[in-house]
Amino acid sequence: MPKTSTLKSLARQHGTPLFIVDHTVLRRNFTEFRRWLPRVQAYYAVKANPAPEIIRTLYRAGASFDVASIGEFRLVYDNIRRLPPKKRQDFIWDKIIYANPIKDRATLEELDQYRPLVTYDNSAEIGKIRRHAPHAGLALRIRVPNTGSMVELSSKFGAAPGEAADLIAAAFDAGLVVEGLCFHVGSQCTNFDNFVQALNISAQVLEESAGHGHPLKLLDIGGGFPAPYDGSVQPFRSLARILNAELRRLFPPNLEILAEPGRFMVATAATLVAEVIGKADRDGKRCYYLNDGIYQTFSGVLFDHCQYHVKAFKKGPAQLSAVFGPTCDALDTICQSEPLPDLNLGDLVYSENIGAYTHASSTWFNGFPPARVVHVNV
Ligand SMILES: *Cc1c(COP(=O)(O)O)cnc(C)c1O
């Protein structure tokens with residue numbers, strides 16, 4: 001996070017609510033990922049925060065990208081394609097994976113010219129890809145345990161491991177090429193055993209598929225790498241040590257390994273500064289109203305099951321206070337009991353580690369716009 005004096009002066013300069021993205025932190029997170037997982041190519045999951053400035057910084061640092069809609073595909077393609085021209089398909093595969101197992105026809109038709117790498121997890125999708133994107137390469141998404149992850153994904157996506165070999169064979173029978181497997185252990189996965197189980201399931205599926213005459217070339221270990229929101233999250237290098245050991249033990253060295261970190265890259269890179277616009281005491285409880293809330297930068301409280309802390313720049317004896325957003329909806333509650341000093345109207349507050357799944361899902365509900373964004377140390 002930039003120094004608090006920097007946060008305050010940026011807020012004075014640009015107004016609030018202000019979403020401040022520090023590109024030094026983005027580069028540091030990317031470098032840390034590479035350093036501890038040297039065998040794994042990182043495809044940044046753009047949905048966590050799709051700002052073009054972030055895409056360009058991570059691209060320059062060496063990242064590839066995970067997209068999940070045609071809009072995200074175009075966004076990434078338009079922001080990176082000016083750079084080194086390789087053969088187009090190599091370039092696309094090296095730089096972009098389309099990781100949404102469900103794609104509509106129009107999306108597939110537009111994607112086909114790029115001969116992209118796309119994921120699938122069911123047989124209806126095979127027919128659709130065969131008709132509308134016959135030049136795509138495939139990765140089968142398998143279902144793996146999401147136990148204890150902050151955001152659970154296994155109820156929506158992933159072929160049961162027992163069906164995997166058949167779905168791979170079915171794609172080859174349809175004239176398509178399956179390149180590999182992918183999975184997602186759930187977002188903010190602090191239970192590292194999910195990764196261990198997922199890798200072991202993948203090894204079994206790869207072995208079974210090779211036994212049926214379909215050896216695969218790549219394994220995409222998805223996202224889920226946890227951001228250090230609080231001291232209870234074990235350091236990234238502990239997870240990396242486990243992953244490296246399992247990758248070495250279970251897979252041949254020529255298997256290409258990809259990952260799709262979203263939250264890990266951007267969560268710690270952004271800070272929000274907001275202003276106290278209202279203050280009341282209700283039933284003996286201090287209540288503050290901010291000019292940012294659940295419908296804007298704090299959307300992650302709802303969609304991402306993530307609790308953010310609101311901190312004051314000011315010092316003073318703290319009392320447990322409720323903090324609300326600016327809309328007329330009672331759902332627009334940021335926290336029920338945050339220890340805050342006595343604040344006045346016009347005072348600024350801030351929230352750290354708020355870069356992932358926040359601004360990305362801001363709305364204009366009730367006429368309140370998303371926070372303004374500034375990028376520092378670009
Ligand atoms: C959301 C998503 C990601 C990113 O997950 P994080 O937990 O933010 O790392 C990666 N891959 C897929 C398929 C996703 O849906």
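The values are calculated or read from the model by the stated rules, or taken from the named source; none is laboratory data. All values derive from a computational prediction rather than experimental measurement. Neighbour counts are summed over all protein chains in view; Cβ atoms, including those assigned to glycine, are modelled from backbone coordinates with ideal geometry.
Assessment of the range 40-51 against the conditions (modelled with pLDDT of 95 or more and more than 16 Å from the chain's Cα centre (by Cα)) yields at least one matching residue.
Residues are listed down the side, and each one gets a yes or a no for (1) free of Cβ contacts under 8 Å to residues at least 24 places away in the same chain; (2) more than 19 Å from ARG141 (Cα to Cα):
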| site | (1), (2) |
| --- | --- |
| LEU7 | no, yes |
| GLN13 | yes, yes |
| PHE19 | no, yes |
| ARG28 | yes, yes |
| GLU32 | no, yes |
| TRP36 | no, yes |
| ALA45 | no, no |
| ARG56 | no, yes |
| GLY71 | yes, yes |
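Determine whether the range 166-173 contains at least one residue that is touching a Cys at 6+ places or on another chain (Cβ under 9 Å), among the small types (Gly, Ala, Ser) and at pLDDT 95 or above. There is no residue in the range 166-173 that is touching a Cys at 6+ places or on another chain (Cβ under 9 Å), among the small types (Gly, Ala, Ser) and at pLDDT 95 or above. Residues of the range 131-151 that are crowded, with 16+ Cβ neighbours inside 10 Å and not in a strand (DSSP E or B): HIS132, ALA133, ALA136, ARG143, VAL144, PRO145, ASN146, SER149, MET150. Restricting attention to the range 201-224 and to residues that are buried (at least 23 other Cβ atoms within 10 Å of the Cβ) and assigned to a loop (DSSP other than H, G, I, E, B), the residue that is farthest from the ligand (Cβ to nearest atom) turns out to be ILE221. Kindly check whether there is at least one residue in the range 222-239 that is aliphatic (A, V, I, L, M), at pLDDT 95 or above and either in contact with a strand residue (DSSP E or B) (Cβ under 9 Å, 6 or more places away or on another chain) or at positive phi (or both). Checked against the condition, which is being aliphatic (A, V, I, L, M), at pLDDT 95 or above and either in contact with a strand residue (DSSP E or B) (Cβ under 9 Å, 6 or more places away or on another chain) or at positive phi (or both), the range 222-239 yields no hits at all. Being surrounded by 14 or more Cβ atoms within 10 Å (Cβ to Cβ), among the basic types (Lys, Arg) and assigned by TED's automatic domain parsing to the domain that holds ILE277 is true of LYS311.
Taking the conditions exactly as written (at pLDDT 95 or above, farther than 22 Å from GLY211 by Cα, within 16 Å of the ligand (Cβ to nearest atom) and assigned by TED's automatic domain parsing to the domain that holds GLU208), does GLU125 satisfy them or not?
For GLU125, the condition - at pLDDT 95 or above, farther than 22 Å from GLY211 by Cα, within 16 Å of the ligand (Cβ to nearest atom) and assigned by TED's automatic domain parsing to the domain that holds GLU208 - is met.
Looking across the range 174-185 at every residue that is within 16 Å of the ligand (Cβ to nearest atom) and out of contact with any strand residue (DSSP E or B) (no Cβ under 6 Å at 6 or more places or on another chain), the one that is farthest from VAL118 (Cα to Cα) is identified as VAL185. Scanning the range 255-298 for residues that are surrounded by fewer than 23 Cβ atoms within 10 Å (Cβ to Cβ) and either within 16 Å of the ligand (Cβ to nearest atom) or among the acidic types (Asp, Glu) (or both) yields a count of 7. Against the test of being aliphatic (A, V, I, L, M), assigned to a helix (DSSP H, G or I), crowded, with 19+ Cβ neighbours inside 10 Å and within 16 Å of the ligand (Cβ to nearest atom), the options ALA171, ALA198, ALA227 yield a single qualifying residue, ALA198. If you filter the range 230-261 down to residues that are in contact with a Lys or Arg (Cβ under 9 Å, 6 or more places away or on another chain) and not in a helix (DSSP H, G or I), you find that the one that is farthest from ILE96 (Cα to Cα) is PRO253.
Please verify whether ASP104 is within 16 Å of the ligand (Cβ to nearest atom), assigned by TED's automatic domain parsing to the domain that holds VAL177 and modelled with pLDDT of 95 or more, treating the condition exactly as stated.
no
Can you pull out the residues in the range 355-370 that are over 15 Å from ALA274 (Cβ atoms) and either away from the ligand (no atom under 12 Å from the Cβ) or surrounded by fewer than 20 Cβ atoms within 10 Å (Cβ to Cβ) (or both)? Matches in the range 355-370: SER361, THR363, TRP364, PHE365, ASN366, GLY367. So which residues in the range 109-129 are part of a helix (DSSP H, G or I) and either free of Cβ contacts under 8 Å to residues at least 12 places away in the same chain or within 26 Å of PRO161 (Cβ to Cβ) (or both)? Those that are part of a helix (DSSP H, G or I) and either free of Cβ contacts under 8 Å to residues at least 12 places away in the same chain or within 26 Å of PRO161 (Cβ to Cβ) (or both): SER123, ALA124, GLU125, ILE126, GLY127, LYS128, ILE129. Quick check: anything in the range 137-157 among the small types (Gly, Ala, Ser), over 25 Å from the mean Cα position of the chain (by Cα) and in the same structural domain as SER64 (by TED's automatic domain parsing)? Taking every residue of the range 137-157 in turn, none turns out to be among the small types (Gly, Ala, Ser), over 25 Å from the mean Cα position of the chain (by Cα) and in the same structural domain as SER64 (by TED's automatic domain parsing). Just one of (1) of a type in the set (S, T, N, Q); (2) surrounded by fewer than 23 Cβ atoms within 10 Å (Cβ to Cβ); (3) away from the ligand (no atom under 16 Å from the Cβ); (4) closer than 30 Å to ALA42 by Cβ fails for THR327. It is (4).
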